[in-house]
Structures are given as C-alpha cells and as structure tokens.
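A short worksheet on the structure shown next.
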Amino acid sequence: MPGLYFLFPLVAILLWAGNVMVSKLSAHTIDPTAITFWRLMLAVALMTLFVLKPAWRNRAAIVPQLPKLAFLGFLAMALFQCLSYEAAKTTTATNMAILTSLVPLLTMLLAVPLLREMPTIGMLCGGVLSFGGLVYLISAGHPVVLFTGGVHTGDLLMLTAALAYALYGVLVRRWHVGLPSWQSTYLQAIAALVFMLILVLRLPAQAALPNRASLPLIAYAGTLASVVLPFFWMQGIKHLGPNHCSLFMNLLPVATAMIAVGWFGEHLHVYHLLGGGAALIGVSLAQTIRRPLSV
C-alpha cells in the first residue's frame, strides 16, 4: 500500500540504530579492521547469490566504472565502517548516531564546491545551527573545554567518518556510474573487501580471527546491516525519493538513544537534548529551506 511506503526507510533506520549497538559491543571484542573485513566477507557471500549472474551479464558496462566503484567502496564500506568501530571505543552510541545524522547536511555542503550547486539560506542557517549544536554536544555542554582539553577521540573519528560518507554521497551523484543499485553495491563491497584484506593480513592471527563473542556481531553487521538495510533503503528511495528518505536520518539518534539507554545504561543529559536537538534542527532547515542565497 502506498501509505505504508514510509516503513521502508523507517525499518532501515531501526536496523542502522541496531548496527550502532553492534559497534559499541564490538569495541572491546574484536579489532575494528577485523570486524569490517568479516562483515564484508559475509555480505559479499550473500549478495553473490543474487547479484553475480546479472553483474556478469552486465560486465561490459561495469568494467569502465571499476576505478570509481573501488573508491566509493573504500569510502563507504571500508573507511566509514573502520572509523565507526574505532570511535565506539571512546564515545557513546548516542553521540555516534547524532554525528552520523549530520551526513545529509555535510553532503549538501560538499556539493557546493564539488557539484557547483547553489548554496541556500537553509544550508547557511542550518549549518551554523548544527555546528553550534555539535560543539555543545561534544563538549558535554561546556564549549570552553574544547580549548583546554580538546575533542574526544571517538567524536572526532565519528565526525571524520560522517565526512567520508558525505563525500561518498556527493561522488555518487557526480560520477553517475549508471549501474543497477545492487550491482553497484556488490562491486563496491568487493573492492572494500580487497582493501580490508590487505589490512587484516597485517594483524596478528589472534586479532584477525573472529571469536565466540564476535560471531553474532559479525552476523548482524554482515546480513541485517549490509544486505537487509540497503534493501529497505533502496525501496524507500524508489517509492518516496531520496529527499524524503534523507529526512528519516533525523530519527537515527532518537532510535539509537532509546536502545542505548535500555541496553547499555547510557544516560541522556541536557547537552544531548540541546546540542543534538540543535544539530538535527539545523539538518532539517538545510533540507527544507531551498531558497538560494543569491536571491
């Protein structure tokens, strides 16, 4: 039913929130490089079942796009994931989700120099508001601390991860690889897997191999987060459009915070509500107010 199409991006966001929990659980269970490698291994194996044949038939169109697909895979499936897992060691799940939810705003900001898109009033106002909220959030309500104690490593890593994913979003639009979504995702995953293989081979055997505690985390990340989540997100974009789906990113911190409070016993503080709320309002302003600055 058309009225239920909103369930596609909603389910995707709930699965993404669950993946943030997996990141937290993996922080002291398995090396970030190793879990990224094994989740990609599982995801590629699953996608091979239904993507390999159509991809092979389409190889003439795929081969010229391989360098672009490889870099896209590095950004979204290797760099973003590795940084997220590393960030989980020193920041909260709530902070991770709030910083991730800035991706739509960061994508719009990067599109100005890279795609020559016209900056809008919403981007200016939303960017300033989100920046202020971000500073308030990562400083735990005391911005002056940033000048004395600096930024927590985990928050800085997660912000870098969000920037990498935003650059991925801009390059997808700029390059127009012109492949079916699943074929593009599959080839990006293979490229990311090759890159992670090079890194994981540098780890000691004990750190590179999964253990009993990490197997369920790899299973969730490699199936639900890497295959099922993209399916629901792609369906959402197909039926609702990318702009409407991006609005659901604002629900990621809410869903993650609800799970984190009950699961990890994380506490919601005033700075989460004020700083995170301001950051999310800024993202919404950038998405909804499209009047060009030059007018």
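What follows draws every value from the coordinates through simple rules; no lab data is involved. Every value quoted in this text rests on a predicted model; they were computed, and no experiment measured them. Here the Cβ positions follow ideal geometry from the backbone for every residue, glycine too, while neighbour counts run over all protein chains shown.
Structure above, values below:
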{"read-out": "Built amide H within the under 5 Å cut-off of residue 214, gap 5+", "value": "none"}
{"read-out": "Extension gain (nm, one decimal) between residue 6 and residue 293, 0.36 nm per residue minus Cα-Cα", "value": "100.2 nm"}
{"read-out": "Rounded if a/c under 1.5, otherwise prolate or oblate - the chain, Cα gyration tensor axes", "value": "oblate"}
{"read-out": "Helix-only mean residue ellipticity at 222 nm for the chain, each DSSP H run of n ≥ 4 adding -39500 (n - 2.57), per residue, nearest 500", "value": "-21500 deg cm²/dmol"}
{"read-out": "Per-residue ³J(HN,Hα) for segment 184-190, Karplus 6.51 cos²θ - 1.76 cosθ + 1.60, θ = phi - 60°, Hz, x for Gly and Pro", "value": "4, 4, 4, 5, 4, 5, 5"}
{"read-out": "Vicinal HN-Hα couplings computed from phi for segment 194-199 (Karplus, 6.51 cos²θ - 1.76 cosθ + 1.60; Hz; Gly/Pro x)", "value": "4, 4, 5, 4, 4, 6"}
{"read-out": "Pairwise label distance in nanometres, residue 238 with residue 49, each label 7 Å out on the Cα-Cβ vector", "value": "1.8"}
{"read-out": "Cα-centred dipole magnitude for the chain, charges only on beta-carbon of K, R (+1) and D, E (-1), debye, nearest 20", "value": "800"}
{"read-out": "Label point 7 Å beyond Cα of residue 57 along Cβ direction - residues of segment 223-247 with amide nitrogen under 15 Å", "value": "none"}
{"read-out": "Fraction of alpha-carbon pairs over 22 Å apart in segment 104-212 - percent", "value": "57"}
{"read-out": "Among 210, 163, 198 the positive-end extreme of the charge dipole of segment 2-288 (Cβ point charges)", "value": "198"}
{"read-out": "Net length gained if the chain between residue 28 and residue 115 were fully extended (0.36 nm per residue, minus Cα distance)", "value": "27.3 nm"}
{"read-out": "Extended-chain gain in nm, criterion 0.36 nm per residue less alpha-carbon gap, residue 228 and residue 175", "value": "16.5 nm"}
{"read-out": "Integer Hz, Karplus 6.51/-1.76/1.60 couplings in order for segment 207-221, x for Gly and Pro", "value": "7, 7, 8, x, 10, 4, 6, 8, 4, x, 5, 5, 4, 5, 5"}
{"read-out": "Amide H contacts of residue 120 (H built 1.01 Å from N, under 5 Å, at least 5 apart or other chain)", "value": "293"}
